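We did not get these values from a lab; they are worked out from the coordinates using the rules stated. Keep in mind that what you see is a predicted model, and the values were worked out from it rather than measured. In this analysis, Cβ positions are derived from the backbone assuming ideal geometry, glycine residues included, and neighbour counts consider all displayed protein chains.
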Amino acid sequence: MEQFKVVNGTYYDSRTPDRVIELLESARKNHERVRVFYGDVLIGLSWLDEYDTIGTISRSTGPQKIPILIKSSRSLGGGGILDHCIIRIDIKAETISGHQCVYSNNFHTGLHTITRIDAPLIANGKEYKYAAMQRKDDGTDTVVANFETFEKMQRYDDFINGKSWRH
């Protein structure tokens with residue numbers, strides 16, 4: 001049977017660090033926009049999630065209310081937050097300009113090279129000349145994204161590394 005930590009009526013996974021719960025609860029109460037980064041909590045390696053990671057915190061309905069991420073004020077609902085898999089939290093509050101990292105658990109992306117491809121990839125009539133590589137902890141490299149232009153590649157890199165909230 002799964003165990004939970006219940007804080008202010010919200011059910012969090014028992015493996016979720018207290019600091020993460022404190023930050024999510026504060027963001028929920030203060031209606032702050034957050035960005036959550038998911039990954040391997042033991043080593044801090046990001047899963048490189050691009051979608052469903054930015055919004056405001058709310059909670060589900062029902063007897064066990066879990067934290068959910070609401071994309072915008074026009075949204076009617078959102079997906080459950082994998083609170084025990086969070087390796088970084090950024091907050092965008094009215095009181096600060098831009099965004100601020102308020103929690104990091106050895107966060108890193110493993111993006112070690114973003115290179116120009118000698119033989120571009122052709123798909124859907126587009127020519128992808130650039131690639132982002134992620135180095136896993138076992139030393140293997142994997143292509144995680146391909147790009148048509150250097151500018152698109154740079155926007156992706158800035159977004160994935162938390163320098164920007166847009167890609």
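Across segment 49-61, rounded Karplus estimates of 3J(HN,Hα) from the backbone phi angles (6.51 cos²θ - 1.76 cosθ + 1.60, θ = phi - 60°) give 5, 9, 10, 6, 10, 10, x, 10, 8, 9, 9, 5, 8 Hz, Gly and Pro being marked x.
Placing +1 on the Cβ of every Lys and Arg and -1 on the Cβ of every Asp and Glu, with no other charges, gives segment 111-160 a dipole of roughly 120 debye about its Cα centre.
Which shape class applies to segment 114-167: rounded if a/c is under 1.5, otherwise prolate when a/b exceeds b/c and oblate if not, where a ≥ b ≥ c are the square roots of the Cα gyration tensor eigenvalues?
Details: a/c = 2.36, a/b = 1.13, b/c = 2.09.
It is oblate, given that a/c is not under 1.5 and a/b is not larger than b/c.
Placing unit charges on the Cβ atoms only, positive for Lys and Arg and negative for Asp and Glu, gives the chain a dipole magnitude near 520 debye about its Cα centre. Based on DSSP H segments of at least four residues, each scored -39500 (n - 2.57), the chain has a per-residue ellipticity at 222 nm of -4500 deg cm²/dmol.
Quick one: among 152, 92, 126, which has the greatest mean-square fluctuation in a GNM of the chain with alpha-carbon springs under 10 angstrom? Top of the fluctuation ranking is 126.
Compute the length gained on full extension between residue 127 and residue 43: take 0.36 nm times their separation in residues and subtract their Cα-Cα distance, giving the result in nm to one decimal.
Gain in length upon complete extension: 26.7 nm.
Proximity of backbone amide H atoms, modeled 1.01 Å from N, is registered between residue 49 and 38 at under 5 Å, excluding neighbours fewer than 5 places apart on the same chain. Ranking 111, 133, 98 by Cα position along the charge dipole of segment 70-155, where only Lys, Arg, Asp and Glu carry charges on their C-beta atoms, puts 98 farthest toward the positive end. If you line up the long axis of helix 18-30 against the longest principal axis of the chain, both from Cα atoms, how many degrees apart are they, to the nearest 10? Tilt of helix 18-30: around 80 degrees.
Please go through segment 32-118 and write out the chymotrypsin sites (Phe, Trp or Tyr not before Pro) that DSSP classes as loop and that have at most 16 other C-beta atoms within 10 Å.
Details: sites: 37, 38, 47, 51, 103, 107; in loops: 47, 51, 107.
Here the chymotrypsin sites (Phe, Trp or Tyr not before Pro) that fit, given the DSSP loop and packing criteria, are 47, 51.
Each 10 Å bin from 0 upward holds the following percent of the Cα-Cα pairs of the chain: 10, 34, 31, 18, 7, 0. For residue 126, give me every one of the lysines with a C-alpha distance below 23 angstrom, ignoring sequence neighbours fewer than eight places off in its own chain. Cα-Cα hits under 23 Å: 152.
Amide H to amide H distances under 5 Å link residue 103 with 89, where only residues 5 or more positions off or on other chains count and H is placed in the peptide plane.
Kindly express, to the nearest 10 degrees and within the range 0 to 90, the angle between helix 150-160's C-alpha long axis and the longest C-alpha principal axis of the chain. It works out to around 20 degrees. Sorting 129-136, 60-67 by average packing, meaning the other beta carbons within 10 Å per residue, from highest down gives 129-136, 60-67.
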